[in-house]
Amino acid sequence: MNIITWNTQWCCGIDGLVSPQRLIEHARSMADFDVLCLQEIADNYPHLQGQAGLNQAAQIAALLPDFQVFFGAAVHRFTPDGQAQRFGNLIATRLPPLQVQHHALPYPADPGVASMPRMCTSVSVHTPHLGAVTIMTTHLEYYSHLQRSAQVEALRALLQQSTIQAQQPPLDSAEHAGTPFAPVQPAAHAVLCGDFNLSPTEAEYTRLQTAPDGGDEHWYDAWPLCQGQQAHTPTFRLFDRRYGPEPVSCDFFFVSQSLRSHVQSIRVDAQTQASDHQPVLLTLAL
């Protein structure tokens with residue numbers, strides 16, 4: 001099972017060209033992916049660099065006719081003349097989807113600091129050998145440490161909630177068949193990926209991999225499961241140093257405890273300049 005995560009910078013490359021097609025073509029060149037997780041997908045933001053004015057989620061769906069595409073708009077606003085503007089995460093899957101959820105992440109007030117609402121988009125898919133696997137993708141706050149820390153706590157809680165739901169599923173009765181109360185196949189396995197806007201040296205990185213009080217499930221960074229003590233390959237500021245002088249790692253894959261033994265490989269494409277972030281490919285042996 002191949003999964004790619006990529007912060008697309010609204011599909012804007014280092015050259016300033018906005019091209020969902022170029023981005024999808026490059027993702028295909030990396031692997032025959034089963035799931036594609038993208039962050040910073042824009043709809044009607046012509047003032048962004050490169051003029052990301054078109055509905056990029058719809059464009060990507062057209063470029064992936066064999067996939068089902070789910071867009072989670074963390075930002076959904078309207079211009080003074082009533083035109084909708086959306087900005088958020090996207091998951092495309094060719095595996096059969098079972099359930100889609102969009103989790104709004106905490107957005108505590110942090111006066112005087114630039115910020116935007118953030119979301120974790122979650123799609124549970126059916127796999128032939130493991131059953132249901134939940135794929136989550138997110139993009140945490142860049143400027144506000146207060147908000148980013150709160151969002152990390154929410155991601156810890158989401159895994160705990162998912163684990164308990166799988167162990168103690170809702171009531172399944174004939175009278176609820178075909179209604180919203182009918183439960184879906186519980187997902188005992190989970191993957192979390194995206195742009196976390198924090199480095200492996202920060203406290204929040206360790207915090208994300210710490211079990212909540214009263215629980216024993218927590219996220220595991222997939223990189224050291226494959227690479228041991230080798231430092232993460234940088235995923236940001238390789239070609240564009242506007243946000244800092246040195247390349248850093250901030251785009252990660254995390255897995256639930258049940259998937260640790262299934263992590264087969266992980267690699268960063270450090271060559272492409274189709275975005276200001278580098279894509280990451282995770283392969284799970286199912």
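May I ask you to derive the FRET efficiency for residue 175 and residue 273 from their Cβ-Cβ distance with R0 = 45 Å, giving the value to the nearest 0.05? For R0 = 45 Å, the calculated efficiency reads 0.20. For the stretch 147-246, trypsin sites (Lys or Arg not before Pro) meeting the loop criterion (DSSP other than H, G, I, E, B) and having at most 11 other Cβ atoms within 10 Å: 241, 242. Toward the positive end of the charge dipole of the stretch 1-107, with +1 on the Cβ of Lys and Arg and -1 on the Cβ of Asp and Glu, the farthest Cα among 27, 97, 60 is that of 97. The simple Förster model, with R0 at 25 Å and r as the Cβ-Cβ distance, assigns residue 77 and residue 203 a FRET efficiency of 0.20. Classified by the C-alpha gyration tensor, the stretch 76-119 has an oblate form. Its axis ratio a/c, with a ≥ b ≥ c, is 1.5 or above, and a/b does not exceed b/c. Helix content alone sets the calculated 222 nm mean residue ellipticity of the chain: runs of n ≥ 4 DSSP H residues at -39500 (n - 2.57) each, divided across all residues, give -5500 deg cm²/dmol.
Taking the Cα centre of the chain as reference, the dipole from Cβ charges on Lys and Arg (+1) and Asp and Glu (-1) amounts to some 220 debye. Taking amide H as placed 1.01 Å from N in the peptide plane, the amide H of residue 253 sits under 5 Å from that of 222, 223, each at least 5 places away or on another chain.
All of the numbers you see were taken from the coordinates with simple rules; none came from a lab. What you are looking at is a predicted structure, and each value in this text was computed from that prediction instead of being measured. Cβ sites come from the backbone with ideal geometry, for glycine too, and all protein chains shown count toward neighbours.
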